[in-house]
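Asker: Before I ask anything, here is the structure I am working with.
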Amino acid sequence: MTTLSVNVNKIALLRNTRTGETPDVLRLSRLALEAGAHGITVHPRPDERHIRRYDVTHLAAMLHEPAWADREFNIEGNPFLGAYVELCREAKPDQCTLVPDSPDQRTSDHGWQLADDTEIKQVTTAVAELKAIGSRVSLFMDPDPAAIERVPQTGADRIELYTEAYADAMAGGLDTASAQAVHRQYADAAALAQQLGLGVNGGHDLNLHNLARFLTIPDILEVSIGHALIADALELGLAETVRAYLALLPTS
Ligand SMILES: CC(=O)[C@@H](O)[C@H](O)COP(=O)(O)O
Ligand SMILES: NCC(=O)COP(=O)(O)O
């Protein structure tokens, strides 16, 4: 079964353009859960351009309520920047997704390379710290077999396939030769990760157009979707949008 985690960064981005709490991140996250979303994802960046520390605190408290015991909280971030690890220690999320973003990046645009022993040791230490909190740990990865093969050394539980290149390939049509080639690249990367005993998540630029095709890849455990989903919600309403994404998930 594939779960849907709604990334609420962009709700916070709009809120931050004025003082006050409109739109209300907490209330809309609750609405997404009531519509059936399996979890909420946030990516608190050091500059707090969207998700702020208090958002994490409030969302953690909500998701720890008995009513949402079967839903997950996923916190993304670079463990070597700012207060990410401290935030996770306080929030105790179900999943920590480690993303190698620098503070000034416009958005996430690459996965971990794990190119040398130093990086592997640093990531391994961060993974151990976060697993000690009780969180599952996922590494944000390009569909790069050489890098994926090094993930088990870190102790991570899952990878999240960075799907921007997939989304770009699908934008020109789901059945073009290039789309089929890129889909195969992601399917092979997922199969390799699963053979290594890793769970596979996916995220970045997934949308109502490209999601079903991505989920033909067997055993994708979670997709985290924010930008396109929140944009869709401006047209369809959040609850109806969440239901539209849920309808694309494989049921088995
Ligand atoms: C890691 C990833 O691909 C996204 O989850 C990320 O959260 C996007 O960040 P922005 O919402 O700041 O673009
Ligand atoms: N990990 C991907 C995510 O949480 C949201 O990415 P996007 O849908 O905002 O591109």
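The values are calculated or read from the model by the stated rules, or taken from the named source; none is laboratory data. It should be emphasised that the depicted structure is a prediction, and the values quoted were computed from it without experimental measurement. Ideal geometry is used to build each Cβ from the backbone, glycine not excepted, and the neighbour counts take in all protein chains shown. The accessibility values were calculated without ligands, DNA or RNA, using every heavy atom of the protein model including side chains. Shrake-Rupley method; radii C 1.70, N 1.55, O 1.52, S 1.80 Å.
Asker: Nearest 0.05, what FRET efficiency do Ala61 and Leu174 give at R0 = 30 Å with Cβ-Cβ as r? If you can, show how the numbers build up before the last one.
Answerer: Working: r = 41 Å, r/R0 = 1.36.
With a Förster radius of 30 Å, E is 0.15.
Asker: Further, regarding this structure: When all alpha-carbon pairs of the chain are counted, what percent fall beyond 29 Å?
Answerer: Details: 7778 of 31626 pairs.
Tail fraction, whole percent: 25.
Asker: Most mobile of Ile120, Ile159, Ile75 per a Gaussian network model of the chain (Cα springs, under 10 Å)?
Answerer: Ile120
Asker: Determine the shape class of region 56-168: with a ≥ b ≥ c the square roots of the Cα gyration tensor eigenvalues, call it rounded for a/c under 1.5, and otherwise prolate if a/b is greater than b/c, oblate otherwise. If you can, show how the numbers build up before the last one.
Answerer: Working: a/c = 1.74, a/b = 1.50, b/c = 1.16.
Verdict is prolate for region 56-168.
Asker: Mind ordering 203-213, 21-31, 38-48 by average Cβ neighbours within 10 Å, highest first? Walk me through the numbers before you get to the answer.
Answerer: Details: 203-213: 19.9, 21-31: 17.2, 38-48: 22.0.
Order by mean packing, descending: 38-48, 203-213, 21-31.
Asker: Can you give the extra length, in nm with one decimal, that the chain gains between Asp24 and Glu235 once fully stretched, where that is 0.36 nm per residue apart less the Cα-Cα distance? Let's see the in-between values first.
Answerer: Working: separation 211, 0.36 × 211 = 75.96 nm, distance 1.78 nm.
So the extension gain works out to 74.2 nm.
Asker: Now, a different point. If I take all pairs of Cα atoms in region 121-186, what percentage of them are more than 21 Å from each other?
Answerer: Working: 824 of 2145 pairs.
More than 21 Å apart: 38 percent of the Cα pairs in region 121-186.
Asker: Rounded to the nearest 500 deg cm²/dmol, what is the calculated helix-only ellipticity per residue at 222 nm for the chain, with -39500 (n - 2.57) per DSSP H run of length n ≥ 4?
Answerer: Numbers: 11 runs with 107 residues, N = 252.
The helix-only estimate for the chain comes to -12500 deg cm²/dmol at 222 nm.
Asker: Which shape class applies to region 15-90: rounded if a/c is under 1.5, otherwise prolate when a/b exceeds b/c and oblate if not, where a ≥ b ≥ c are the square roots of the Cα gyration tensor eigenvalues? Write out the running numbers ahead of the final one.
Answerer: On the way: a/c = 2.13, a/b = 1.21, b/c = 1.76.
Here region 15-90 falls in the oblate category.
Asker: Suppose we keep just the DSSP beta bridges with both residues in the chain; what percent of those would be antiparallel, to 5? Spell out each step's value before the answer.
Answerer: Details: 0 of 32 bridges.
Of all bridge pairs located within the chain, approximately 0 percent are antiparallel.
Asker: How high is the relative contact order of the chain, in percent, with contacts defined as C-alpha pairs under 8 Å that are six or more residues apart?
Answerer: Numbers: 460 pairs, mean separation 54.2, N = 252.
Here the relative contact order equals 22 percent.
Asker: In the chain, what percent of the accessible surface is made up of carbon and sulfur (1.4 Å probe, ligands and nucleic acids excluded)?
Answerer: Details: 5790 of 10950 Å².
Roughly 53 percent of what the probe reaches on the chain is carbon or sulfur.
Asker: Which whole-number value in Å² is the accessible area per residue of the chain, probe 1.4 Å? Present the calculation step by step, with values, prior to reporting the outcome.
Answerer: Values: 10950 Å² over 252 residues.
That works out to 43 Å² for each residue.
Asker: Where the centroid of each part is defined by its Cα atoms, how far is region 213-252 from region 160-195 in Å?
Answerer: A separation of 17 Å, based on Cα centres.
Asker: Taking a cut-off of 13 Å, what percent of all Cα-Cα pairs in region 174-246 are separated by more than that?
Answerer: On the way: 1792 of 2628 pairs.
The calculated P(r) of region 174-246 puts 68 percent of pairs beyond 13 Å.
Asker: If you count, for each residue, the other Cβ atoms within 10 Å and average over each peptide, how do 220-228, 143-151 line up from highest to lowest? It would help to have the intermediate numbers written out before the result.
Answerer: Working: 220-228: 22.6, 143-151: 18.8.
Going by the mean number of other Cβ atoms within 10 Å, highest first, we get 220-228, 143-151.
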